[in-house]
Each structure stands twice: as C-alpha cells, then as structure tokens.
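A quick write-up on the structure given underneath.
Only the coordinates and a few stated rules stand behind these numbers; no lab work does. Quick caveat, the model's predicted, so the values are computed rather than measured. Quick reminder, even Gly has a Cβ in these numbers, built from the backbone with ideal geometry, and neighbours come from all protein chains shown.
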Amino acid sequence: MPTKFLLPEDRIPTHWYNVVADMPHRPPPPLHPGTKKPIGPADLAPIFPMAVIEQEVSDQRWIPIPEAVREVYALWRPTPLHRAKRLEEALGTPAHIYYKYEGTSPAGSHKPNTALPQAYYNKQEGVRRLATETGAGQWGCALSLACRIFGLECTVYMVRVSYDQKPYRRLMMETWGGTVIPSPSNATAAGRRILEQDPASLGSLGVAISEAVEDAASREDTKYSLGSVLNHVLLHQTVIGQEAKAQMELAGEYPDVVIGCHGGGSNYGGLCLPFVADAFTGKKVRFVAVEPAACPTLTKGKVAYDFGDTVGLTPLVRMHTLGHAFAPPGIHAGGLRYHGAAPLISQLVEDGLIAARAVRQLDTFEAAVQFARCEGIIPAPESAHAIRGAIDEALEAKAEGRPRVILFGLSGHGHFDLSAYDAYLRGRLEDYDYPAEDVDESLAGIAQLQP
Ligand SMILES: *Cc1c(COP(=O)(O)O)cnc(C)c1O
C-alpha cells in the first residue's frame, strides 16, 4: 500500500468547479450598505478586475483555468495525497486516514492557488499594482509571489502585532518584492482613524482590510485582492478537491467524511466542494468544517448580513458572522480569526450539508504534535484544527470497531508559526471559549444592517 498518491503535471485540473451551478439554494447577493439593494458589477469595478467580478457572480459549472496560470501551478501542483499510516497505527484505529497536503507550495499553504489567477487577471486588464491585507502573513506571501510572477507591484497591510512578532513571513514577502506596511498605518484614512483612538493599536484583520480596500479604491492603477471568503476564491481553490478525488481513486477508496479547518472557508471549500458535487447527486459522504472555540463563527455566529471589514467599507455579505467588531482574545494562537465565513460554506452549513465543529486550542495543538511525531510534517496551527477533527473521527471509528475512510485537508506547514508551538510546549496556552453573551453583544451591533 503506497504512502503517497501522486499525479503527473498533466493531471493539473483544466477547469475550476463552480458549486453555485449545482446548489439547491444559492447564497443571496451582497447588498450595498447605503441602499440595501444588491450590488452590481459596477459597484465592484473600482476594486476588482472584470474577469474576477464575472467569476464572483457566475453560475457556470466549469470555468477554464488560463494556460498561463496552469503553467505556474506546475511549480508545485499536483500536490500529494498522503495516507497517514503511522498516525493510524499510533491511534490503533481501523479508520483509513488520508490528507491532501498544500504545504508544498512555495508560500507553504494553499493560498497561491487563488493568488496566481487573481494577479493574472489584474495584469490582463492593465492593473499595475495590488493592495491587500494579511494577518500572520500567509496571504501576503502568496500574493507577493503571484505579483512577482505576473509583473505587478504588491502592497501588503500587515496586522501590526504580526508585523512585530513574526518577521519571517514579512521577509518572505519582501524577498518576493512585496511592500509590507504595518496596520493600522498613517497611509490611509481608516488607519489614521484607528491610530487617533489608540496610537498603540495592535491592529486586526478587519482594520487591515479597510486600509487595503481604501488604498485600492482611491488609486486608478491599483486594485484589491482578497485571499478567502469570496466565491471566486473558493472557485480557484477547487483544484485541491479535484486532484484529491483523482488521488482517492488511485488509492481505490472514497471518503466517508471530508474534514477541513475553517477560517474564511477557502481551503476547506477548495477541498470539499468537488465532493459536495457528488453529494448533490446522491453519493453518501459527510462534511465537517472545524473551527477554533475562540472564534466560533459557524457554531456560535448567526447567519446575517454584515460587513466584511471592521470599519464598514465593504458591501454587506450574508454569512455566518460573529459581528464585524468581533476580535478573538490575544491568548488564541491558532489562527482562523476572521469574524465571518464564506457565503458558499455558510449556505451549505445552513442547508445541513456541512456540519461545523469548534475545538479548543490545547486539544488542537495536542493533535498537531501527535501528527508531527507520526507523520513528520509540522502542520500550520490552522491546519491542526482539521487534524483534531480527523483524529476524533478515527477514535470514534475505533470505539465503534468499524472502519471508515477519512480525508482531511492539511492546508499548510507550520515552519513560520513555531512561536505558537513554543507557547504550547512551554505550557503558556490556555483554552478559551468565546462566551455566548459576548457573541450576543457583538451581534446586537449588526441588527440595523439587516435589509
Ligand atoms: C489562511 C490559512 C487558513 C485559513 O483560511 P481559509 O480561507 O479558511 O482556508 C488555513 N490554513 C492555512 C495554512 C492558511 O494559511
């Protein structure tokens, strides 16, 4: 029985899969925050190129991947599918555990899968520069790389606390030629407003989004790029699930359950949506999205219209949300900190197709370390949520004495997140469940946004 299932380069998918074509309930459209009417392509044109806007609203099932993008995908795609035999043995489970590993990309995560086409389409439409935000730096790295490859400038607003504490990803971005600005910054009105209130602000992803959107909207030569949440991002990520399906076929199995970590929904959407297509046609397969208890968007949030950012510059998006003012506590080290979720994933959770689970960070890091000690790869703390979910499924199979086939997404490696491992290994991490009362309070703040 092989340990890895590998596909040749000519099996890099030729199309992205657009789940919207097959959904029984499509997510309702984003609204203009002023008029509360659905936004049109013209509203998005200042910040996104037309090809991306068309994909965002497309209901075409298969969308061709430009050959120039496939050629760059070939730098690391197809990514490997592993059978976690050593983990299975350590757990003593009859379950078969497979993982699709996206950490082999140059940036170390799945994020270049969408950064590349986004940079490509912008270049095609004559855009000279992209602006974006980044938290721990994975997205900024992916976009800096993609911009370098397709000949664009890249400006990354990086959450201040990460900028100060995580220099390595900043240096990766700079190595690929990106310009990195700590957020909140004096470069934008949104940043200046936050700094006036709190000159020592550590920043947040929401504030950084506000800065990047403002940068793009106020400059003719610049557009904005988002690394998760939106339909076109999940679309681009479906190369993961399409390859995984072909690789599971090589292994001669089909998953009973497909598991992934969920922050904004892009790696999980990319892995699960091609399998969701099978579920729509009657195939028996379960889906589990795993998120941190400290940022419980899918399990404690509510489905409502909310801003994508903190300041309120984006359209209103209907999704599971903890409220745009939500910020997870500093003690939470595992990433996946965004207040919202991809509308596509939200809808599938609402429709009961995808189950959501929240896990605590000590259990999550315990799973990460167990995985690293069996399989060798040190997982990104984000990915460790998926590992926790997979191990729990495997232990359930053991308790039942029945085999099951588990597929999970290992979205990236953790080589630049070792400070979080340091905190765990030195006993400095604590569990934290975001209290329901605080969620209610945060959600009260979005009541007036509803149409
Ligand atoms: C960004 C990131 C995530 C979370 O984002 P999603 O959009 O939910 O995928 C998960 N894992 C890794 C390695 C990441 O870099």
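Packing order of peptides 274-280, 7-13, highest average first: 274-280, 7-13 (average count of other Cβ atoms within 10 Å over each peptide's residues). Here the chain is assigned +1 on the Cβ of each Lys and Arg and -1 on the Cβ of each Asp and Glu. Its dipole about the Cα centre then comes out at about 600 debye. Taking a sphere under 15 Å around the Cβ of Tyr101 and counting the other residues whose Cβ falls inside, with K and R at +1 and D and E at -1, yields a net charge of +3. Summing Cβ point charges (Lys, Arg +1; Asp, Glu -1) relative to the Cα centre of the range 1-78 gives a dipole of roughly 280 debye. Computed over the alpha-carbon pairs of the chain, the distance histogram in 20 Å steps reads 27, 62, 11, 0 percent, short to long.
Ranking Phe408, Gln138, Val72 by how far each Cα lies toward the positive end of the dipole of the chain (charges on Cβ) leaves Val72 at the top. Here the peptides 19-28, 104-113 are ranked by packing, the mean other Cβ count within 10 Å, and the order with the highest first is 104-113, 19-28.
Sum -39500 (n - 2.57) across every DSSP H segment of at least 4 residues in the chain, then divide by the residue count to get the 222 nm mean residue ellipticity, nearest 500.
Values: 18 runs with 189 residues, N = 451.
One gets -12500 deg cm²/dmol as the mean residue ellipticity at 222 nm.
If Lys and Arg each add +1 and Asp and Glu each add -1, what is the summed charge of the other residues whose beta carbon sits under 14 Å from the beta carbon of Tyr168? Please list the in-between numbers first.
On the way: positive: Lys166, Arg169, Arg170; negative: Asp164, Glu174, Asp417, Asp422.
Charge balance in the 14 Å sphere: -1.
Taking the charge dipole of the chain about its Cα centre, with +1 at Lys and Arg Cβ atoms and -1 at Asp and Glu Cβ atoms, the residue from Gln118, Val303, Ile194 reaching farthest to the positive side is Gln118.
Using the Cβ atoms and a cut-off under 15 Å, what net charge is assigned to the surroundings of Gly414, where Lys and Arg are +1 and Asp and Glu are -1? Could you put the intermediate results ahead of the total?
Details: positive: Lys111, Lys166, Arg169, Arg373, Arg388; negative: Glu102, Glu366, Glu375, Glu382, Asp417, Asp422.
Spelling it out: positives minus negatives among the neighbours equals -1.
As a quick test, which of the pairs Lys223/Lys302; Lys100/Lys223; Lys123/Lys302; Lys4/Lys123; Lys111/Lys223; Lys37/Lys223 have an alpha carbon distance above 26 angstrom in this structure? Provide the component values of the computation, followed by the final result.
On the way: Lys223/Lys302 31 Å; Lys100/Lys223 32 Å; Lys123/Lys302 38 Å; Lys4/Lys123 36 Å; Lys111/Lys223 18 Å; Lys37/Lys223 24 Å.
In this structure, Lys223/Lys302; Lys100/Lys223; Lys123/Lys302; Lys4/Lys123 exceed 26 Å between Cα atoms.
Computed over the range 310-372, the Cα gyration tensor eigenvalues convert (square root of 5λ each) into semi-axes of 26, 18, 8 Å, ordered from largest to smallest. Per-residue 3J(HN,Hα) values for the range 46-61, derived from phi via the Karplus relation 6.51 cos²θ - 1.76 cosθ + 1.60 with θ = phi - 60°, read x, 10, 10, x, 4, 4, 6, 4, 4, 5, 4, 10, 6, 10, 7, 5 Hz in sequence order (x marks Gly and Pro).
Remark: the range 446-451, residue by residue, has Karplus-estimated 3J(HN,Hα) of 10, 3, 6, 7, 6, x Hz, where x stands for each Gly or Pro and the curve is 6.51 cos²θ - 1.76 cosθ + 1.60 at θ = phi - 60°.
If you stretched the chain out fully between Glu71 and Thr104, how much longer would it get, using 0.36 nm times the residue separation minus the C-alpha to C-alpha distance? Present the calculation step by step, with values, prior to reporting the outcome.
Working: separation 33, 0.36 × 33 = 11.88 nm, distance 1.62 nm.
Additional length available on full extension: 10.3 nm.
Overall, the range 37-127 carries a charge dipole of about 360 debye about its Cα centre when +1 sits on the Cβ of Lys and Arg and -1 on the Cβ of Asp and Glu, all other atoms neutral. Legend: Rg and Dmax of the range 345-451, from Cα coordinates, 17.1, 51 Å.
In the chain, what % of DSSP beta bridges are antiparallel (nearest 5)? Within the chain, antiparallel bridges account for around 35 percent of the total. The residue among Pro106, Pro29, Ile12 whose Cα reaches farthest toward the positive pole of the charge dipole of the chain, with charges on the beta-carbon of Lys, Arg, Asp and Glu, is Ile12. Each of the peptides 418-425, 218-225 was scored by the mean count of other Cβ atoms within 10 Å over its residues; in descending order, highest first, they stand as 218-225, 418-425.
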